[in-house]
Every structure is written in structure tokens, then in C-alpha cells.
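Trainee: Structure in C-alpha cells, see below.
Read the figures in this text as sums done on the coordinates, not as results from a lab. In this text, all values refer to a predicted model and were calculated from it rather than measured experimentally.
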């Protein structure tokens, strides 16, 4: 089910333009033993599907498709689980229509 | 580069452009920072643009602004899984020489607005991310550090037009960061169709446009809304819900959008369209109670960054433009009296805001967010379902006497919400609206 959803969101992102700042992800997930409920929620909540659960049961983020919307910042920055910054000037998503 | 300006405006959205334009036209030196490749490249909105508020800044905007369609019809829909109950208003009076509301495409509109801003004399630095605010020993804001080499710039006052997810003001402790309960996450797709197809499907011609805004079981009990806005050659189709509700339900925003698009009332409108962009953005939903302190020593905050959004009437960009303009006028007042940009002197801005429609409307609706957010299942699930059943019952002719039909409808409402619940909902809604 969630795999199906992931495929669909990737298809949606395919339409968009990004200038990827390779190797400099602007969002970082802090080291954790067990992800909190809010961090786990990002797996379904992130509109670009940037969050996933790895085999060790920890939450990872890949920011290539990120919209820089800030949803994960709102939910996970207060607890320190997510370190959130905007991409460097000129990088990241580039909306043609917005 | 001159490293000192009268003002630095952080952001080139509606609020930032309105502020920068107004400041420059009044003769102040203005540096505007934008992290995107061009103004608009990071901005997302539905989008409806309200002419009155732009006219107050650029009176002849209709001459060259990229406007899509002027709105002549509004459709409010209450949906369940297989139906919608609608309240529509369409009027030829909206076909006027200077229409009141337009659909726009933000990236294109913002490019135009930004050109006007630069023509007014603002120095715009694109591809420049503002990293932090700089303060003097007395706690007054004196400038901004950017990610450019030697990227420190100073000004008498900084206009924070950094959007709903602005980092500078929140990290400096000038206002709290947005809370899951006070922001909605909206996702949107741009569906392209031939112009004549859009006009046929929406019963419009020329530049006429239609808005559909829908609530109901489409948000699965969450506080949320779906929408379709007609542009010239495409439809903006989106869906948004409160972040706190999303976190609780585990729904995906794109899953909800797909479900909205597949609804039998929506699907035929989109048939055969080509999707060219998928986007997402946060929307401030906290209303009056979430509006922070609007100014301090050496700074003002405007637009979405200040949570200036009327969620009930779905107005945001007009509040942003108005706050940017009013803040700029206040700064000009202080400057022209050769006074310092202190909190006490900049208070002209919040004072003028209080006297404007912006704060008057937000204050009027101050209890709405709490009502809708805490009773979301009733307002977004239970009532739409009951209304749909009532309408179907009313329209289906099956030999049941009308009195029995009506009593069944009343019973359904009483059974589902109880007399107490119905009265409480009605009273709370009336009081919050008043």
C-alpha cells in the first residue's frame, strides 16, 4: 500500500524542476534509537515523500524532491529530531507555476 | 555594492514585493533578498488575487499584469463519497471594467510584480538565502547575514516577508515558529486543458472564471478543503488539511488529492488533462490569536510570516499585500520625521493594521479556528453526510409520503448529533461568526 503511494508521488515529482545541491541536503534527521510519533508521521505526511523507514527501523530523509514547505520543521524541529535549513541560494525546487 | 540601505526586505512574495515597491516609490533605498532563481520560483498559492489591494499599490496593474481569469462564479460544495450539495453564486455584475477577483499563476505573477519592484528602484538579489538577523548590543535589528561571500548587509530596518515558514524571525525569537495546529499543508496540481474545453466544462467564455471550494468527507474528518480554480489554459486543483490532523490520521496529502480528483463530481472536470506541476505549501490557519508581535526595534513582520491569513474567507495574498504596503508607509513616516526605527516609532504599522480590514476581519473570526479545528469530525464528516442523505431523501421520489421523509431526515440529524450537539454546534458557529 505505502509502496504504491511512493510510486505515485515519485511520478508526480517527475513533472517538477529542481536544482539539486548534491551532497548538501538542507534537512537532516538527528541520530535516534526509536523514531518519535511525529518523525514517523513524516513518512506519510511529507508531500514529496522524502521520508522513509530504513531496515534498522530508523527514519531517513532524502531531500532531492523537497518542496521546502516546512511541514517536517513544524512537527519535528521543536524536539531536535530534524535540523532544518533552506537550501543555499539558487538551489532546491524551482516552480514554473507555483 | 553599497552595504548599507534604508531597508532590507527579506522575501519576494506578495508581502515583500508590496513593501519593497512602496518603500522604493517613496524614495528609500531598498535591498530585497530572494533565495530563488527568480521572484516566484519558491512561491505557491491557489491562487486568487484581489484587485482592490493591488490597486492601492499599482493602480494600473491591469495594463500588463499576467492575470488568468476574472471570477464570475463561486461554487461552495459539501461532499460525501458519491455526492455534493452546492451553493453557487454567479453574477454578470462580476463582468465589469475593473473586476474584483482574478485567478493568477503565482510564479508568473510574481515575476511581473518583481519587475515593477525593480523598476521602482529596488536592488533585488536573487539566489541569496538569508541566514540570520543581526542585532546590536541593545537588541535592535541592524541587518541580515546571507549565504553570499561577504554576505553581511546593514539597514535601518528589516522587513521580514519571509513567508509562513520563515526562519529568521523565529530563530531570533521575534515570534514563535508555526505550530502543527495553526498551519495547514496544501498540495496542488496544475492540470492543462484546451481553453475551449475549460470554458465548455465550466460554462464560461472569454476571460470569465469559476472557483469550486469543497469540504466534506474528502478530508476524512480532518479540518480541510479541496479546490479547483480555473486559469486560462489550466486548472489549479488542490487539497489542504491541518498539519496536526494529518499527523494524527496518517493520511498522505497526495493520497487525499488523488481521492478528491477521483470523486464523481470532480473527475469529469479533469478528464484528459495533462498535469505539468505538483507543489505543496503551508498555509497559516491560526487566525487572530496566532498573529505575533508585528514590530520591534529595527524590524517589522508582514504577510504569511505574521500568520496574516483569513482561513474562513480564504484570503491571504490580499492581507499580505496590505500588510506590506502599510508597513512600508509606517517606515516612510518614521524615516521622513528623521526618527529612529524603534518599536515605539514603528508602532504606526500595527496601529494602522488594527484600523484596517485585515485585523478587523481576523478579530471578528477569532474563535473560528478553535471551533473548526476541535470539532473537525462533526463539520467535515458528520454534517456533510447528513446533508447528503437529506438531499437525496428530498429528491428521490419513491412513494414515501413527504411527512415521513422529512421526519426521517430530522431523526437522522437528532440521532447522529443529538439535540444538545446540534444546538451547541449552531450556537458556537453563530457566536464565532458574529
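Trainee: Using only Cα atoms, tell me the angle between helix B:253-262 and the longest principal axis of chain B; keep it within 0 to 90° and round to the nearest 10.
Mentor: Tilt of helix B:253-262: around 40 degrees.
Trainee: Taking a quarter of the surface of the convex hull around the Cα atoms of the stretch B:183-284, what do you get in nm²? Before the final figure, lay out each step's value.
Mentor: On the way: hull surface 24.8 nm².
Answer in nm², one decimal: 6.2.
Trainee: How large is the translational diffusion coefficient of the stretch B:369-433 in µm² per second when you combine the Kirkwood radius over alpha carbon pairs with Stokes-Einstein at 10 °C and 1.306 mPa s?
Mentor: Numbers: Rh = 13.0 Å.
Answer, rounded: 123 µm²/s.
Trainee: For chain A, what does the helix formula give at 222 nm: sum of -39500 (n - 2.57) over DSSP H segments with n ≥ 4, over the residue count, nearest 500 deg cm²/dmol?
Mentor: Using -39500 (n - 2.57) per qualifying helix, the result is -8000 deg cm²/dmol.
Trainee: Taking springs between alpha-carbon atoms closer than 10 angstrom, which of B:277, B:404, B:55 fluctuates most in the Gaussian network model of chain B?
Mentor: B:404
Trainee: Could I ask something else about it? So in the protein assembly as shown, what percent of DSSP beta bridges are antiparallel if you round to the nearest 5?
Mentor: In the protein assembly as shown, DSSP labels about 70 percent of beta bridges as antiparallel.
Trainee: Which log10 I(q)/I(0) values does the stretch B:42-152 give at q = 0.18, 0.19 Å⁻¹ under the Debye formula, counting every alpha carbon as one identical point scatterer?
Mentor: Computed log10 I(q)/I(0) values: -1.01, -1.07.
Trainee: Another question, if that's okay. Taking square-rooted eigenvalues a ≥ b ≥ c of the alpha carbon gyration tensor, is chain A rounded, prolate or oblate, where a/c under 1.5 means rounded and, failing that, a/b exceeding b/c means prolate? It would help to have the intermediate numbers written out before the result.
Mentor: On the way: a/c = 1.91, a/b = 1.27, b/c = 1.50.
Since a/c reaches 1.5 but b/c is at least a/b, the shape of chain A is classed as oblate.
Trainee: If eta is 1.002 mPa s and T is 20 °C, what Stokes-Einstein diffusion coefficient results for the protein assembly as shown, Kirkwood Rh from Cα pairs, in µm²/s?
Mentor: The diffusion coefficient I find is 89 µm²/s.
Trainee: Which percent of Cα pairs goes in each bin when the distances of the stretch B:260-305 are cut into 10 angstrom slices starting at zero?
Mentor: Percent of pairs per bin, in order: 18, 27, 20, 20, 12, 2.
Trainee: Hey, how much of the P(r) for chain B falls beyond 32 Å, as a percent of Cα pairs? Can you show the working numbers first?
Mentor: Working: 38412 of 93961 pairs.
Every Cα pair in chain B considered, those over 32 Å come to 41 percent.
Trainee: Still on this structure: When the helices in chain B are scored as -39500 (n - 2.57) per DSSP H run of 4 or longer and the sum is shared across all residues, what 222 nm value do you end up with, to the nearest 500 deg cm²/dmol? Numbers along the way, then the final one.
Mentor: Working: 15 runs with 155 residues, N = 434.
For chain B, the value works out to -10500 deg cm²/dmol.
Trainee: Using the alpha-carbon atoms, what tilt in degrees (0 to 90, nearest 10) does helix B:317-336 show relative to the longest principal axis of chain B?
Mentor: In chain B, helix B:317-336 runs at an angle near 20 degrees to the longest axis.
Trainee: Compute the relative contact order of chain B as a whole-number percentage, counting only Cα pairs closer than 8 Å that sit 6 or more residues apart in sequence. Don't skip to the answer; put the middle values down first.
Mentor: Values: 894 pairs, mean separation 85.4, N = 434.
Across chain B, relative contact order equals 20 percent.
Trainee: Normalised by the residues of the stretch A:2-88, what does the relative contact order come to in percent, with Cα pairs under 8 Å and at least six apart? Don't jump to the answer; show the numbers that get you there.
Mentor: Values: 99 pairs, mean separation 30.4, N = 87.
Relative contact order, the stretch A:2-88: 35 percent.
Trainee: Determine the relative contact order of the stretch B:183-284: mean sequence separation of Cα pairs under 8 Å and six or more apart, normalised by residue count, in whole percent. Mind showing how you got there, number by number?
Mentor: Details: 177 pairs, mean separation 43.7, N = 102.
About 43 percent, as a whole number.
Trainee: Here's a follow-up. State the percent of C-alpha pairs, over all pairs in the stretch B:279-434, separated by a distance greater than 21 angstrom.
Mentor: Details: 7236 of 12090 pairs.
Looking at the stretch B:279-434, the distances longer than 21 Å represent 60 percent of pairs.
Trainee: What are the principal axis extents of the Cα atoms in the stretch B:1-59, in Å, biggest first?
Mentor: 37, 26, 12
Trainee: For helix B:14-25, report the angle its Cα long axis makes with the longest principal axis of the Cα atoms of chain B; keep it between 0 and 90° and round to the nearest 10°.
Mentor: Once rounded, one gets 40 degrees.
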